[in-house]
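I have placed the structure first, in the form of structure tokens, so that the comments after it can refer back to it.
What follows draws every value from the coordinates through simple rules; no lab data is involved. The model shown is predicted, which means the values in this text are computed figures rather than measured ones. Quick reminder, even Gly has a Cβ in these numbers, built from the backbone with ideal geometry, and neighbours come from all protein chains shown.
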Amino acid sequence: MEFGPRPPASDAIRKAQSYIAEQLKSYGCRVEEHDFHASTPLGDLPMKNIVAKIPGIGPGIVLFATHYDTVRLPL
């Protein structure tokens, strides 16, 4: 993506989060954002889950899940 690497707590991850939420909303999805903090080797960092819900007509549930952040690895 144009935002470059997206490690937690970076400007790039915040831009990516905003972009993802805006795109989902533009398709009519109801979007929920769940902010939390996670303990990492680099300390306590802010994280966010982005959940899009689209009502269906059947009784089943379909779930798609993915990561959109860049993992920081030691060099």
Leading residue by the ranking (surrounded by the fewest Cβ atoms within 10 Å (Cβ to Cβ)) among those in segment 44-71 that are over 12 Å from the mean Cα position of the chain (by Cα) and closer than 22 Å to G4 by Cα: V71
Failed criterion for K15 (all others in (1) surrounded by 11 or more Cβ atoms within 10 Å (Cβ to Cβ); (2) assigned to a loop (DSSP other than H, G, I, E, B) hold): (2)
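Considering only segment 1-41, how many residues are touching a strand residue (DSSP E or B) at 6+ places or on another chain (Cβ under 7 Å) and touching a residue at least 12 places away in the same chain (Cβ under 8 Å)? Write out each step before concluding.
Going through segment 1-41, the residues touching a strand residue (DSSP E or B) at 6+ places or on another chain (Cβ under 7 Å) turn out to be 8-9, 17, 20-21, 24-25, 29-38.
Now narrow it down to the ones that are touching a residue at least 12 places away in the same chain (Cβ under 8 Å): 8-9, 17, 20-21, 24, 29-36, 38.
Within segment 1-41, residues that are touching a strand residue (DSSP E or B) at 6+ places or on another chain (Cβ under 7 Å) and touching a residue at least 12 places away in the same chain (Cβ under 8 Å) number 15.
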